[in-house]
Every structure is written in structure tokens, then in C-alpha cells.
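Throughout, read-outs are computed from the coordinates displayed, never taken from laboratory work. What you see is a predicted model; the values in this text were computed from it and never measured. Please note: Cβ atoms are built from the backbone with ideal geometry, for glycine as well, and neighbour counts cover all protein chains shown.
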Amino acid sequence: MGRPRQFDEERVVRAAYGEFWNKGFDGTSTADLCRATGLPRSSLYNTFHSKEHLFRRALAHYVTTMTARQSAVLDTPGTTALERVRALLAVIVEDEAANQANGRGAGCFTVNTITTVASRNPDIAQLVDADLRRRLSGLRLTLMDGQLDGSVAADRDPGELAWYVTSLIYGMRVAAQSGAGRRTLEGIASTGVAALTP
């Protein structure tokens, strides 16, 4: 009978996720993961089997957390759909301002993954794609609500508008990595919201 594990798997995943987010899949070494998680190499790989498997777990943690945050903002009762989209973009501004204040410029873990490892790894690409579809679906429903409540232009396809807002979010994340400060990000968000109005 094997010895029981003496560590919390989810804590290890969260620690690994910080490393992968900051350095990417290729830039994160096994030594980095051992240092971040506090586990020896044998325990790390006995539990997670491979660096790729641990990366998938870390990415799944990130997308689950971020998609839940988006859903919580978009499901806020008592506001117009446009106000909910504006609130979502404000969350992005706050995230990036906090990252800059804390000296972290890692950007969006999902965007970083799309532009690097997802193109050569079908399993990771599938995880990213599934998350994107969930986000687009939530945005599309919100924008349809906006067309009904009059806050969003009714002559636009809500699916295309969902892609527009998603692209705006990705663009704000990349702009922040390039040095755009709070005022610039707020300007981008404000211009983006204005483009949705009737």
C-alpha cells in the first residue's frame, strides 16, 4: 500500500499556474516548478505525470476562474446589458493596473497560450477553444439582452459583437503588456463601449 500524499494538489496547481503564467510553457523548467510548489521532482511527476499535464491543470484552473468572474459580472441583476459589458471591461482595467503596480506584466494566460503552445498541442488547443466558446456564448446572450433593452445597437449580429468584445479584452491585455497605463486602458474600454451603442 502506497503512502498517502502529504500535499494539497490544488495548492500545487495554483503554484504551478503562477509559474506558467509568468514564464509560459516553454520558459518554465522542472526546477522552476519544484521551487514554486515546494515538491521534489519525483513527487511532482508521480502526481501529475508530465509538465504538459500540470500545465493543462494550471490552465484549466485559470480559465475556470476567469470565466466564472466574467459570468458573475455579466449576470449582475438590475443593470442594462451595456452597463454589464462596461463593468466587465472595468474589471480588465483593474486587473492590469494591479499587475503593473505589483510589477507583473504577464498579460492574459489564455492569450499567451493561444499565441504559443496551443498551435502545436491539440489537447491544450481544445481546452482554450472550449473556454473561448463559453465566454462568447455568455457575451452573446448579454448583447442580445442589450438589443432587447435598447442599450446595444439592434442592427448588429450579437455573435459578431461577442467576438468584438472578446477581441477588445484580449487587445487591452496585450496593450497593458506593452506599457499602456490605466488612463489609456480606460480610453480603450470607453471607445469599445461607445461602438456598441445604438
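Per-structure values
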{"read-out": "Nearest-20 debye value, the range 9-194 charge dipole, Cβ charges on Lys, Arg, Asp, Glu", "value": "540 debye"}
{"read-out": "Listed residue (137, 174, 22) projecting farthest to the positive dipole end of the chain, Cβ model", "value": "22"}
{"read-out": "Residue 195-residue 136 pseudo-label distance in nm [points 7 Å out on the Cα-to-Cβ vector]", "value": "1.7 nm"}
{"read-out": "Whole-percent pair-distance distribution, where bins are 10 Å wide, for the alpha carbons of the range 31-84", "value": "22, 32, 19, 15, 12, 1"}
{"read-out": "Proxy reagent accessibility, fewest Cβ within 10 Å first, across 91, 193, 85", "value": "91, 193, 85"}
{"read-out": "Kirkwood hydrodynamic radius of the chain, Cα pairs, Å", "value": "18.2 Å"}
{"read-out": "Compactness of the range 72-151 - radius of gyration and Dmax, Cα, Å", "value": "15.5, 44"}
{"read-out": "Angle between the chain longest axis and helix 122-149 axis [Cα atoms, degrees, rounded to 10]", "value": "20 degrees"}
{"read-out": "Contour excess over end-to-end distance, with Cα ends at residue 80 and residue 30 and 0.36 nm allotted per residue", "value": "13.3 nm"}
{"read-out": "Mean residue ellipticity (222 nm) of the chain, computed from DSSP H runs ≥ 4 via -39,500 (n - 2.57), nearest 500", "value": "-24500 deg cm²/dmol"}
{"read-out": "Percentage relative contact order, the chain, counting C-alpha pairs under 8 Å, at least six apart", "value": "23 percent"}
{"read-out": "C-alpha long axis of helix 182-194 to longest principal axis of the chain, angle in °", "value": "50 degrees"}
{"read-out": "Cα-projected label distance for residue 53 with residue 116, points at 7 Å along beta-carbon direction, nm", "value": "2.2 nm"}
{"read-out": "J(HN,Hα) series, the range 33-39, from Karplus relation 6.51 cos²θ - 1.76 cosθ + 1.60, nearest Hz, glycine and proline x", "value": "5, 5, 5, 5, 8, x, 9"}
{"read-out": "The chain: angle of helix 158-177 to the longest principal axis, Cα-based, in degrees nearest 10", "value": "60 degrees"}
{"read-out": "For the range 84-130 versus the range 1-78, the gap between their alpha-carbon centres in whole angstrom", "value": "15 Å"}
